[in-house]
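Only one structure is covered here, and it is reproduced in the block below.
The values are calculated or read from the model by the stated rules, or taken from the named source; none is laboratory data. Bear in mind that the values here come from a model prediction, so they are computed numbers and not experimental data. Cβ placement follows ideal geometry from the backbone for every residue including glycine, while neighbour counts extend to all protein chains displayed. Areas reflect the complete protein model, heavy atoms only, side chains present, ligands, DNA and RNA absent. Shrake-Rupley method; radii C 1.70, N 1.55, O 1.52, S 1.80 Å.
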Amino acid sequence: MSLLSATPHQPAVTEREARQVAEAAREQDWRKPSFAKELFLGRFRLDLIHPHPMPPDEDVQRGEEFLTKLRDFCETKVDSALIEREARIPDETINGLKELGALGMKIDTKYGGLGLTQVYYNKALALVGSANPALGALLSAHQSIGVPQPLKLFGTQEQRDIFLPRCARTDISAFLLTEPDVGSDPARLATTAVPDGDDYVLDGVKLWTTNGVVADLLVVMARVPKSEGHKGGITAFVVETASEGVTVENRNAFMGLRGLENGVTRLHQVRVPAANRIGPEGAGLKIALTTLNTGRLSLPAMCVGAGKWCLKIAREWSSVREQWGKPVAFHEAVGAKISFIAATTFALEAVLDLSSQMADENRNDIRIEAALAKLYGSEMAWLMADELVQIRGGRGFETADSLAARGERAVPAEQVLRDLRINRIFEGSTEIMHLLIAREAVDAHLSVAGDLIDPDKSLSDKAKAGANAGVFYAKWLPKLVAGAGQLPRSYGEFHPAGHVDLSGHLRYVERSARKLARSTFYAMSRWQGRMETKQGFLGRIVDIGAELFAMSAACVRAELLRTTGDHGREAYQLADAFCSQSRVRVEELFGRLWSNTDDLDRKVVKGVLGGAYTWLEEGVVDPSGEGPWIADATPGPSERENVHRPIR
């Protein structure tokens, strides 16, 4: 079947082939320690994150100096209400960010960038994102997944010399992977790059190209056909947007992030020099996934910024709004929401800073930590914004312009809720993140026992795998029975005099990590090859791990702040509140591992898709317009106006 004739009901590749493509793109080895990987294996390696790693003084100075300039710019030059009304970031605002050097925050100084660390890059994104999330998305897409990051990791020196100075000061970049009929299943990628002499000729249509409308440079993922002298496979290219045959056919509009320059880009017979290929043929997905290992930290950075703003508004509003003789903050129903926002913001910042500092030091493998930060940050920020809207009541549902028009403070609570919603979908939806993290979490098991559940393996392979698994589990399983979490004095440094006791929370994390590993092992023993279909179970396993990671980070951050004399007592209180709240969620998730409606849900889904319940849909009208569910993406010349709008 041709890729181009594929429909959602007729996948171009089998499920097994799709898994093989995804598996080939994974980083196969673990060359460095990983706190989160150990956590999922039932080993609480506190020594990998405590004492909390710290940045060098010169990095702090350079970062703080830039944040001072950026804060002044955000306060004086960014009109968020204007961006929201006009659904566009003014050119002068983007040019102002260019002059500040914000396009080159992560680019080395030798290429004209600012050379900020991941920690300060994230602080900058949190700051910009609080001024307007569309601005944060523009800068993040440009540097976290656009041209600079893949060239930093995989580009040639010549490519860096040519493109990085442009990206640092003048040129905006975008990342083009998604297609109208291809989302998280890249095995069905339809865009092609056919070798032709010293060039490749690209054809295809890319969807949801963040920054694509204004970008000067594109990272394009395309499939190179296998041929003599060409390995083929999904490959990454740097493409000049001004190239003949590149057409931005539409600027998309969304529920939130209204200033986002996101579009549909068609490539028709676009000639790209082979010198613009990033890495070897077939390495495109590996480049994309590796880039995202740290690139994903940009989203939780903006989620932290949103949490801080939600806390500020909740505090200010709840202290002046009175009901039944006292401020609403002192009514328990509202107070619980404020406590949740404060404690969760503290924990999210702890997760972000810890993961970012580990990324800067490059001592640990943080692929799971970054993925957990993205997953947890996007989910919890959405809940915090929803709680803020509830605290504000009718005013939370009212737009900032409407509030101002009738004489009240223009608080854009409903806008933040809309803007944050995309983070649960961007750069890997929550559902995909669950599967991605779960795959890494069970990697040790699959490494020793994977052949046992692979139907294509021979009996001799299975016998060998059984022997290897026996050796591994004979050593591993006994260690899950007892640990430091059962000793009353463990982690005693987290119970300093005059502070609340956090040591009990860390003992809980240690015990829960072992319980989590036992649960995973039991599930693998029970379901074997069917384990990968148990997405509900795997999602809960990952969510438990995310909570345990957040609890660990919160405690470590609180101790850091105590030892540096920076709000230590208050930090301990917030960490205690967060861990107490988190433990309730963890216990619920453990219960739902084995007591849930997963089997019943599958039956209902079959009934829904089989038409058994169409009678339930009667009595309404459908206001949807006409047209196909998925737009036609057949390669060919563009028949639409080019809406590309470079910023100069």
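Checking every one of the chymotrypsin sites (Phe, Trp or Tyr not before Pro) in region 196-304 against DSSP loop status and a limit of 14 other Cβ atoms within 10 Å picks out no site at all. Ranking I172, Q486, L100 by how far each Cα lies toward the positive end of the dipole of the chain (charges on Cβ) leaves Q486 at the top. For region 43-109, the normalised intensity computed at q = 0.13, 0.17, 0.29 Å⁻¹ comes to -0.57, -0.75, -1.26 (log10 of I(q)/I(0), Debye sum over alpha carbons, equal scatterers, no solvent). Modelled this way, with points 7 Å down the Cα-to-C-beta line, the labels at F254 and S458 are 5.1 nm from one another. When the GluC sites (Glu not before Pro) in region 205-270 are filtered for DSSP coil states and for at most 16 other beta-carbon atoms within 10 Å of their beta-carbon, the remaining sites are E228, E244.
How big is the Rg/Rh ratio for region 528-639, C-alpha atoms only, Rh by Kirkwood, two decimals?
Answer for region 528-639: 1.24.
Ignoring ligands, DNA and RNA, what percent of the 1.4 Å accessible area of the chain is carbon and sulfur? In the chain, the share of accessible area belonging to carbon and sulfur is 54 percent.
Taking the Cα centre of region 180-312 as origin, sum charge times position over the Cβ atoms of Lys and Arg (+1) and Asp and Glu (-1), and report the length of that vector in debye to the nearest 20. The partial results should precede the final answer.
Working: 14 positive and 13 negative charges, 154 e Å.
Roughly 740 debye, rounded to the nearest 20.
Looking at the chain, the accessible area is 45 square angstrom per residue; that uses a 1.4 Å probe and ignores ligands, DNA and RNA. Please list, in order along region 473-490, the HN-Hα scalar couplings obtained from phi with the Karplus expression 6.51 cos²θ - 1.76 cosθ + 1.60 (θ = phi - 60°), rounded to whole Hz, x for Gly and Pro. Karplus-based 3J(HN,Hα) across region 473-490 equals 6, 5, 8, 7, 4, x, 6, 8, 7, 9, x, 4, x, 9, 9, x, 9, 4 Hz. Of the trypsin sites (Lys or Arg not before Pro) found in region 346-394, those in coil by DSSP whose Cβ has at most 16 other Cβ atoms within 10 Å are R363. Checking the Cα-Cα distances for K106/K374; K152/K308; K37/K231 against a 28 Å cut-off, the pairs over it are K152/K308; K37/K231. Placing +1 on each Lys and Arg Cβ and -1 on each Asp and Glu Cβ, with no other charges, gives the chain a dipole about its Cα centre of roughly 1720 debye.
For region 456-598, a crude dipole built from +1 on the beta carbon of Lys and Arg and -1 on the beta carbon of Asp and Glu, taken about the Cα centre, is about 680 debye to the nearest 20. Which entry in [x] 190; [y] 205; [z] 236 is this structure's computed volume of the Cα convex hull per residue in Å³? Evaluating volume of the Cα convex hull per residue in Å³ on these atoms matches [x].
Applying 1/(1 + (r/R0)^6) with R0 = 25 Å to the Cβ-Cβ distance of T76 and K152 gives a FRET efficiency near 0.20.
Would you calculate, for the chain, the mean residue ellipticity at 222 nm contributed by helices, counting each DSSP H stretch of 4 or more residues as -39,500 (n - 2.57) and dividing by all residues, to the nearest 500?
Estimated from H runs of four or more residues: -17000 deg cm²/dmol.
Would you work out which of Y508, Y111, F330 lies farthest towards the positive end of the dipole of the chain, given +1 charges on the beta-carbon of Lys and Arg and -1 on that of Asp and Glu, about the Cα centre? Of the candidates, Y508 comes out farthest on the positive side. Simple rule: put +1 on each Lys or Arg Cβ and -1 on each Asp or Glu Cβ in the chain, find the dipole, and look at N262, G466, G565; the Cα lying farthest toward the positive end is G466.
What percent do you get for the relative contact order of the chain when only Cα pairs under 8 Å and 6+ apart count? The partial results should precede the final answer.
Working: 1036 pairs, mean separation 106.7, N = 648.
Reported as a whole number, the value is 16 percent.
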